[in-house]
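The values are calculated or read from the model by the stated rules, or taken from the named source; none is laboratory data. Every value quoted in this text rests on a predicted model; they were computed, and no experiment measured them. Quick reminder, even Gly has a Cβ in these numbers, built from the backbone with ideal geometry, and neighbours come from all protein chains shown.
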Amino acid sequence: MKKTPLPIPRISLLWLLVAQVLVILPHLFHLPVWIGGLWLVCATWRIQVFRQRTNYPGGLTKAFMLIAAAAGVYASRGSLMGLDAGVALLVSTFLLKLVELKTRRDALVLVFLGFFTVLTSYLFDDGLPAALYSLLPVTALLAALIGLQQSGLSDKPWPTLRLAGSLLLQAVPLMLVLFVLFPRLGPLWSVPMPGTGGSRGLAESMTPGDIAELSQSSALAFRASFAGPIPPRRDLYWRALTFEQFDGRRWSQLDEMTRSRPDWRPEGPSLSYSIVMQASGQPWLFALDTATTDLEHTRQMGDFRLQRRRPVDQSLLYSVTSWPQARREVQGSPRLDVALQLPDHGNPRARQWAAELKARHGGDPQGLVDDLLGHFAREEYYYTLKPPLAGEDTVDHFLFDTRRGFCAHYAGAMTFVLRAAGIPARVVAGYQGGEVNPAGNYVQVNQFDAHAWVEYWLPGHGWISADPTFQVAPTRIEQGLQQALPAEDTFLADAPLSPLRYRHVEWLNQLRLSWDNLNYTWQRKVLGYQGAEQLKLLESWFGNVDPARIGMILLACLGLLFGGLALVLLKPWKRPHDPLLRQYRRFERLLARQGVRRGAGEGPLAFAERAALALPGQAAEIRAFAQRFAHQRYADAAADPAALRRLLGRLRRQLPWRPWWRTGNASAGVRGG
């Protein structure tokens, strides 16, 4: 006879609908808009089926809906392959499964799909708010799973939710043990993350307007924690990449010139620090000059920047050691010819001025550099985010006509003049400064801290850094962009609600710094807890460790954990100390396994009589045990637990064996009470 599938309880269906909303909500920020409409269609259809106002979709209808969803993903993503399209397909099937939800098995599939879909949201946002939010859909899915069990909770929504929350809390100790001790394995494969374009920060080329536009963004670039005191703000020049080619309007980098290893030697004190970098979609890392790191698949390039093999698609923690006073390529390098490149034509006044400076200083290139920097300090140049539109000769227009610009204007113009005067020079792009967070004692660098400065080469000295912006607006270097432009009111003008605009409001600023410190701790201690960090922690606890020892420690911790859980669940301290009562509890459990449970307030003889009727083959043994127990417990007969144990053993041998997990509903017709 074919077994009829169990129907889905109303409460389970309710929690499944709630769980679907909570699961797909964070995905709506990066998936096609029609995903929300698809959920409305599927949920409405399933509710109407539950109310018996429509039927389940047929095979052709389901096939059409699946093909339409795949076509929608292809139309919005241009492909059915890749991570972004794959997640969109997963969410679509997670929603479509709702309309064919008939049996308990279908509901289980939907719940498991929901758990997997929650995990995929971490591919797009792994911050602390996203992690806390993910507890909501997980709890709702657990509530739906509990509601599927045919129990007394199947028609009670809030007790089901409370039980789901309780189960989640009980899993926390096991989660912590596994997080700390389970080996941190690298990914078995790697896929490119979606939406990681250069718009997140610095790009591979630069015009003056690019960095000015970036200065309007309050997005976080990275955070840095120093092993010692934090250097002064004026010394925090975070290198990203260099621009060595100029076409008359745009500066760009030459990749083929950066692959050779640079020649340098460390001098002076070093700085040790760690950086948590936000996703940029670019392979270069941020560091102070001159930097080394032990991060895997990362090397120092020919222009002294740090670069990974793959782009930074997720938050990245790495440790750096820098030597700010290092001597770099003192003996010269093949890059010097590139650092003299200029277009054949254009900017004649700047070229003429460079020739005059060269003639004035003759064989003293450092004197020429000092004169050029002094020119920016003496003359009426202005630092602004709103420079006039550049003419055809951009350098001439800035140096001699408008004299108004942003850091990229000054760095580009100085590099042009130095090259025209025969001094190798290049533009360095990165970030300058950063805000110190006293709560966590680290530096927070935002996109509006983007900056450009100059490196020039001198024989016997190597590459030397110079910042013409400091000559014009020293406040920008020593205090920050907001303090450098108080009159313009252009700081984050496009983000009026950004809390960074209101740092003068003490309580609001303290709240912002505390929240940022909490997020930074999450990134360092949780997201940054990888293989090297795990090994350091375990060695600080247990000394030198190897995989075998880690496995033994993990097994020991799991044993202690499960032992503690067993004590909490079994509660041996609550067991009766009366030996007669202990034997009677075993008698009750033995009959309960056969589906006969004692009702509340039911006496031992009455219970035994009802059990004898339910189990006629063992009626004599049941009555004999109950009478002997009542005689010893309530009459004047001497207690004889051994006699009860023998009767109980005889009864156990005669009863058919039934596992405890198959006794759930068998007692429905014989329960007392």
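Would you please name the residue that is surrounded by the most Cβ atoms within 10 Å (Cβ to Cβ), looking only at residues in segment 464-495 that are modelled with pLDDT of 80 or more and hydroxyl-bearing (Ser, Thr, Tyr)?
Restricting to residues being modelled with pLDDT of 80 or more and hydroxyl-bearing (Ser, Thr, Tyr), the top hit is 469.
Report, by residue number, each residue of segment 75-86 that is without any contact (Cβ under 8 Å) to a residue 60 or more places away in the chain and either loosely packed, with under 15 Cβ neighbours inside 10 Å or acidic (Asp, Glu) (or both). Explain how you work it out, then say what you get.
So in segment 75-86, the residues without any contact (Cβ under 8 Å) to a residue 60 or more places away in the chain come out as 75-81, 85-86.
Hits for segment 75-86 are 75, 78, 79, 80, 81.
Within segment 593-613, track down each residue that is surrounded by fewer than 17 Cβ atoms within 10 Å (Cβ to Cβ), assigned to a helix (DSSP H, G or I) and among the aliphatic types (A, V, I, L, M). Talk me through it step by step, then tell me what you get.
Kept after step one, since they are surrounded by fewer than 17 Cβ atoms within 10 Å (Cβ to Cβ), are these residues of segment 593-613: 599-603, 605-606, 609, 613.
So of that shortlist, the ones also assigned to a helix (DSSP H, G or I) come out as 605-606, 609, 613.
If the condition is that a residue be surrounded by fewer than 17 Cβ atoms within 10 Å (Cβ to Cβ), assigned to a helix (DSSP H, G or I) and among the aliphatic types (A, V, I, L, M), then 605, 606, 613 are the ones that fit.
Please identify the pairs in which a residue from segment 215-242 that is more than 19 Å from residue 284 (Cβ to Cβ) has its Cβ atom under 7 Å from the Cβ atom of a residue that is of a type in the set (A, V, I, L, M, F, W, C) and assigned to a strand (DSSP E or B), counting only partners at least 6 apart or on another chain.
Every condition considered, the pairs that remain are 215/450; 226/271; 230/436; 230/443; 231/271.
If you take the residues of segment 316-327 that are hydroxyl-bearing (Ser, Thr, Tyr) and crowded, with 19+ Cβ neighbours inside 10 Å, which of them is modelled with the highest pLDDT?
Across segment 316-327, the extreme among qualifying residues is 322.
Search segment 363-397 for residues being over 41 Å from the mean Cα position of the chain (by Cα), within 23 Å of residue 486 (Cβ to Cβ) and not charged (D, E, K, R), and hand back the single one that is surrounded by the most Cβ atoms within 10 Å (Cβ to Cβ).
Checked segment 363-397; the qualifying residue surrounded by the most Cβ atoms within 10 Å (Cβ to Cβ) is 381.
Provide a single number: the residues in segment 224-263 that are closer than 20 Å to residue 319 by Cα, in a strand (DSSP E or B) and not small (Gly, Ala, Ser).
The qualifying residues number 5.
Restricting to segment 52-92, name every residue that is part of a loop (DSSP other than H, G, I, E, B), among the polar types (S, T, N, Q) and under 28 Å from the mean Cα position of the chain (by Cα). Outline the logic, then answer.
Here is the first cut: in segment 52-92, the residues part of a loop (DSSP other than H, G, I, E, B) are 52-58, 78-82.
Subset that is among the polar types (S, T, N, Q): 52, 54-55, 79.
Within segment 52-92, 79 is the sole residue that qualifies.
Just need a number here: residues in segment 650-673 that are at pLDDT 50 or above and surrounded by 11 or more Cβ atoms within 10 Å (Cβ to Cβ).
Of all residues in segment 650-673, those at pLDDT 50 or above come to 650-659, 662-663.
Of the ones still in play, those that are also surrounded by 11 or more Cβ atoms within 10 Å (Cβ to Cβ) are 650-652, 654-655, 658, 663.
Residues meeting the conditions: 7.
Looking only at residues that are out of contact with any helix residue (DSSP H, G or I) (no Cβ under 7 Å at 6 or more places or on another chain), in a loop (DSSP other than H, G, I, E, B) and not acidic (Asp, Glu) in segment 616-646, which one is surrounded by the fewest Cβ atoms within 10 Å (Cβ to Cβ)?
Result: 638.
Being assigned to a helix (DSSP H, G or I), among the aliphatic types (A, V, I, L, M), farther than 28 Å from residue 278 by Cα and touching a helix residue (DSSP H, G or I) at 6+ places or on another chain (Cβ under 8 Å) is true for just one of 99, 138. Which residue is that?
Values: 138 fails: farther than 28 Å from residue 278 by Cα.
Result of the check over 99, 138: 99.
Looking for whichever is in contact (Cβ under 8 Å) with a residue 40 or more places away in the chain, surrounded by fewer than 23 Cβ atoms within 10 Å (Cβ to Cβ) and part of a strand (DSSP E or B) here; the options are 445, 436, 428. Which one fits?
From the options 445, 436, 428, the qualifying one is 436.
Is it true that some residue in segment 373-389 is within 18 Å of residue 206 (Cα to Cα) and without any contact (Cβ under 8 Å) to a residue 24 or more places away in the chain?
Yes, because at least one residue in segment 373-389 is within 18 Å of residue 206 (Cα to Cα) and without any contact (Cβ under 8 Å) to a residue 24 or more places away in the chain.
For segment 278-290, what are the residues that are of a type in the set (A, V, I, L, M) and surrounded by fewer than 23 Cβ atoms within 10 Å (Cβ to Cβ)? Talk me through it step by step, then tell me what you get.
The first filter runs over segment 278-290 and keeps only residues of a type in the set (A, V, I, L, M), leaving 279, 285, 287-288.
Within segment 278-290, 279, 288 meet the criteria.
Could you list, in sequence order, all residues of segment 220-251 that are farther than 21 Å from residue 454 by Cα and more than 27 Å from the chain's Cα centre (by Cα)? Full working, then the answer.
Step one: list which residues in segment 220-251 are farther than 21 Å from residue 454 by Cα, which gives 220-230.
Hits for segment 220-251 are 228, 229.
Just to be sure before I move on: is residue 505 hydrophobic (A, V, I, L, M, F, W, C) and either crowded, with 23+ Cβ neighbours inside 10 Å or in contact with a strand residue (DSSP E or B) (Cβ under 6 Å, 6 or more places away or on another chain) (or both) in the structure I sent? Talk me through it step by step, then tell me what you get.
Details: hydrophobic (A, V, I, L, M, F, W, C): yes; either crowded, with 23+ Cβ neighbours inside 10 Å or in contact with a strand residue (DSSP E or B) (Cβ under 6 Å, 6 or more places away or on another chain) (or both): no.
Judged against the criteria, residue 505 is not a match.
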